[in-house]
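Working notes, beginning with the structure itself.
The values are calculated or read from the model by the stated rules, or taken from the named source; none is laboratory data. All of these numbers come straight from a predicted model, not from anything done at the bench. Note: ideal-geometry Cβ built from the backbone for every residue, glycine included; neighbour counts use all protein chains shown. Ligands, DNA and RNA are excluded from the accessible area calculation, which covers all protein heavy atoms including side chains. Shrake-Rupley method; radii C 1.70, N 1.55, O 1.52, S 1.80 Å.
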Amino acid sequence: GQDLREDVLVHLRVLIERHARERRAAQCIRIVRAEQLELLPGSKRAPDIAVITNIYPDHLNRYPSIKSYALAKANIFKDQTENDILVLNKKNKWTKFFLAQKPRSRIAYFPFKLGVDSKTFIEKYGHHNFENLMAASLAAVKAGVSKKAITQSISSLLFLKFREQSILQRKNLLV
């Protein structure tokens, strides 16, 4: 599938910011990489809405284990309060791990009913991008954007060409 992560997040950030302008409310949306989350614990700052998509072993070059990678991601909700929201994937095996860290925030789970034909979306863009769409959409809903505005905007999503294009395959090697 094509990688939509950045496009989905940027697209929904625009929706949230437009919604905030219409209501004359301040909104600040940041996309934070796991290694940047290592800086959060000492700051005593936390986002109003935090999203953890999934844990995959793709960052183990930076972390000694997948558990240490997950602990770095958990920093995003360490200083959240009961007034904040943590968005988690209900179907991911790491969700239990994050819940065991005892977040104080309210938990919102994806996937959720959005009115998108999941089968068609997954066939076109891949399952991981559907999960990214669900996570970002739920965060947007929690920020006050209507489901209707989100579903209308999905048709205009662009995909990044060649982001996940196979260029070589030999025996057990896929590049």
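Could you tell me whether region 81-101 includes any residue that is touching a strand residue (DSSP E or B) at 6+ places or on another chain (Cβ under 7 Å), closer than 14 Å to Lys142 by Cβ and of a type in the set (Phe, Trp, Tyr)? Scanning region 81-101 turns up no residue that is touching a strand residue (DSSP E or B) at 6+ places or on another chain (Cβ under 7 Å), closer than 14 Å to Lys142 by Cβ and of a type in the set (Phe, Trp, Tyr). In this structure, Tyr56 qualifies as out of contact with any strand residue (DSSP E or B) (no Cβ under 9 Å at 6 or more places or on another chain) and closer than 27 Å to Ile154 by Cα. Within region 103-116, the set of residues being in a loop (DSSP other than H, G, I, E, B) and not β-branched (Val, Ile, Thr) comprises Pro103, Arg104, Ser105, Pro111, Phe112, Lys113, Leu114, Gly115.
In region 104-111 there is no residue that is at pLDDT below 85 and more than 19 Å from Thr53 (Cβ to Cβ). Out of the residues in region 113-127 that are within 14 Å of Lys148 (Cα to Cα), of a type outside the set (Gly, Ala, Ser) and touching a residue at least 24 places away in the same chain (Cβ under 8 Å), which is most open to solvent (accessible area, probe 1.4 Å)? Residue satisfying both the conditions and the ranking: Val116. Scanning region 86-102 for residues that are open to solvent by 20 Å² or more (accessible area, probe 1.4 Å), touching a helix residue (DSSP H, G or I) at 6+ places or on another chain (Cβ under 9 Å) and not in a loop (DSSP other than H, G, I, E, B) yields one hit, Phe97.
Scanning region 130-139 for any residue that is in a helix (DSSP H, G or I) and open to solvent by 30 Å² or more (accessible area, probe 1.4 Å) turns up nothing.
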